[in-house]
Amino acid sequence: MKNKCMNCGATSDEKVLLPCEDKGEQKHVCVRCLPVLIHGAR
Ligand SMILES: [Zn+2]
């Protein structure tokens with residue numbers, strides 16, 4: 001199973017993915033979505 005961005009669903013084939021944790025679950029977020037998450041626009 002491939003890791004996907006938890007925000008936009010991009011795989012590591014498309015974007016660089018970074019591991020993160022959300023409500024105790026290990027997830028991934030791509031570099032495009034990371035600034036959005038940092039600024040809380042979810
Ligand atoms: Zn994304």
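Just to be sure before I move on: is Glu21 exposed (fewer than 13 other Cβ atoms within 10 Å of the Cβ), out of contact with any Leu (no Cβ under 8 Å at 6 or more places or on another chain) and of a type in the set (D, E, K, R) in the structure I sent? In short, yes. Any residue in the stretch 1-23 that's of a type in the set (Gly, Ala, Ser): show its pairings with residues that are more than 10 Å from the ligand (Cβ to nearest atom) at Cβ separation under 8 Å, as long as the two are six or more apart or on different chains. Partner pairs satisfying both residue conditions: Ser12/Lys2; Ser12/Asn3.
Listed here are the residues, each with its yes/no results for (1) assigned to a loop (DSSP other than H, G, I, E, B); (2) within 8 Å of the ligand (Cβ to nearest atom); (3) out of contact with any helix residue (DSSP H, G or I) (no Cβ under 7 Å at 6 or more places or on another chain); (4) of a type in the set (Lys, Arg).
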| position | (1), (2), (3), (4) |
| --- | --- |
| Leu18 | no, no, no, no |
| Glu21 | no, no, yes, no |
| Val29 | no, yes, no, no |
| Arg32 | yes, yes, yes, yes |
| Gly40 | yes, no, yes, no |
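Of all residues in the stretch 24-35, those satisfying the criterion of being surrounded by 14 or more Cβ atoms within 10 Å (Cβ to Cβ) and aliphatic (A, V, I, L, M) are Val29, Leu34.
Kindly provide the set of residues from the stretch 1-10 that are within 10 Å of the ligand (Cβ to nearest atom), farther than 19 Å from His39 by Cβ and surrounded by 13 or more Cβ atoms within 10 Å (Cβ to Cβ), ordered by number.
First, pick out the residues of the stretch 1-10 that are within 10 Å of the ligand (Cβ to nearest atom): 4-10.
Still in the running and farther than 19 Å from His39 by Cβ: 4, 9.
Within the stretch 1-10, just Lys4 meets the criteria.
Readers should treat all values here as calculations from the given coordinates under stated rules, not as data from a laboratory. Treat the numbers as computed from the prediction; the structure is a model and nothing was measured. All Cβ positions, glycine included, derive from the backbone under ideal geometry; neighbour counts span all protein chains shown.
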